[in-house]
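Before any comments, here is the structure.
The values are calculated or read from the model by the stated rules, or taken from the named source; none is laboratory data. The structure displayed is predicted, hence computed values, not measured ones. With ideal geometry, Cβ positions are generated from the backbone for all residues, glycine too; neighbour counts draw on all protein chains shown.
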Amino acid sequence: MATRRRRALPLAAAALLACAAQVGTSRAAHAATQLSVTSTADAPDALPGDGTCATVSGACTLRAALEEASAQSAPVAIALPAGTYAISGNPVQVNGSVTLSGAGADTTTVQVTGARGFEVSGGALTLSNLTLSGSSTAKAGGAVLNAVDASVTLSGCVVSGAVADGDGGALLASGGSLTLDHTRLHDDVGQSGGALFAVRTAVTMASSTFDSDTATADGGAVFLSDPAGFSISDTSFTSDTANDRGGALYVEGLTGSAATPESIASSTFKGDTAFDSGGALYVGGTSNGVEPASLAISKSTFSGDTAGRGGALATAGGVVGVDGSTFSGNRSASSDGGALAGTGTISVRGSSFDHNSSDGSGGAIWAAGSADIRSSTFTANSAETLGGALALTGEPAPTVQSVRYSANSAQDGDADVWRQGSPLAAAAAGQAASSTSRPPLALAVAAGAGALLLVLVAALVVRRRRRRPA
């Protein structure tokens, strides 16, 4: 037995050494190749795949580095020192796993002129700490970057001045995933999605900024179609404009469920404009095919947004929940819903609406679908027609509970709540609610009759007391 153990020990040691060698080989195979750009010119790599970034003159340009990186099977990290680097003519094709790191968005700039900058097919591309600037392209869109079934991340970047004749002024993504982290996109122009257009893409935005982006159609800054899930947090949208719907953000084809909704959290929408619907945000139909899909908006602020209908937010389907958010100074310039106009299902909890105005009905909210509004405040909202705070026309009967009103106004009546249809499902004491079956004049007559009845009853009581014997 001892002899067998002594023989087994060398065999075990050999096995361990072989395993360690395999691990080392595997790590070496997956270690990132390091390339450093040395020239700001735009010239191709002399021999892609030879492991060396070099043009015919021997310099390492940005184009040459990306071409060499795309020819490698292992991940490649490219260092881009301070300077302005040109990408002109044909776009750079990017494959594989590539990381491009600048020295900082204020010192490293990639200037795209005349054509799209990058075309990414499959694989993964990470851009960090650099500025991507300027382009005018007659292609379908994505003047700076077009990604198909790829994983793309922008971190600490600035994207500006991109102009596209098609969708997605700066960025166009189909499939795959797109992550924006501490990234700013501004002054970009496209058809739908002034800065970004994404279809069937998993989108994550964190601590990022969109400002002064313009869409000639929908989604002044961002257009999301059939997203494979999306999450927006700590992100601001300012002074973005859409000639149609969704001044800042347009979303169609929601897929989130009630348990795991798509989400917008701790974000700000300020001074955005849509000439049709949803000054800040437009939510279109759903596409999960099972149940109404869900979008959760929490701890966010909508202020100074303007649209023809739904000054800040307009919905046309799905279930949209608003929790702990603020709507202030928004306006619907030609129709209903100064802050929010909904034809899908809306739920409002713990939110405040103040100084919103509508040229139609519902100074704060107009809801033609299912509505559940609770524990919220409505102050100094106004409507040109009915429902200074709320105009509720949908069925089943909306629920309104624990809501406070103050100084709301409507020129045609019902300063707080105007209800068309069956009575509200529930209302806290002191809440105003009316129905079109009792218009303002009928309500006034009824109130007058009630007051007269009280006077007659009081007179009768006094008369009976006088007739009692001493």
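Below, the figures for the structure above:
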item: Counted residues, the range 39-53 - those being more than 13 Å from residue 69 (Cβ to Cβ) and surrounded by 18 or more Cβ atoms within 10 Å (Cβ to Cβ); result: 2
item: Boolean, residue 128 is farther than 21 Å from residue 193 by Cβ, under 23 Å from the mean Cα position of the chain (by Cα) and buried (at least 18 other Cβ atoms within 10 Å of the Cβ); result: yes
item: Filter result (in a strand (DSSP E or B), of a type in the set (D, E, K, R) and crowded, with 20+ Cβ neighbours inside 10 Å) within the range 336-359; result: 354
item: Among residues of the range 72-91, those that are modelled with pLDDT of 95 or more, of a type in the set (A, V, I, L, M, F, W, C) and surrounded by 14 or more Cβ atoms within 10 Å (Cβ to Cβ), counted; result: 5
item: Answer residue from the range 199-249, given it is farther than 22 Å from residue 299 by Cβ, in a strand (DSSP E or B) and of a type in the set (Ser, Thr, Tyr) and is modelled with the lowest pLDDT among those; result: 225
item: Options 258, 296: the member that is out of contact with any Leu (no Cβ under 7 Å at 6 or more places or on another chain), surrounded by fewer than 20 Cβ atoms within 10 Å (Cβ to Cβ) and not in a strand (DSSP E or B); result: 258
item: Residues being in a loop (DSSP other than H, G, I, E, B), within 24 Å of the chain's Cα centre (by Cα) and buried (at least 24 other Cβ atoms within 10 Å of the Cβ) - total across the range 364-393; result: 2
item: Criterion (within 17 Å of the chain's Cα centre (by Cα), under 24 Å from residue 218 (Cα atoms), small (Gly, Ala, Ser) and not in a loop (DSSP other than H, G, I, E, B)) met by exactly one of 162, 173; result: 173
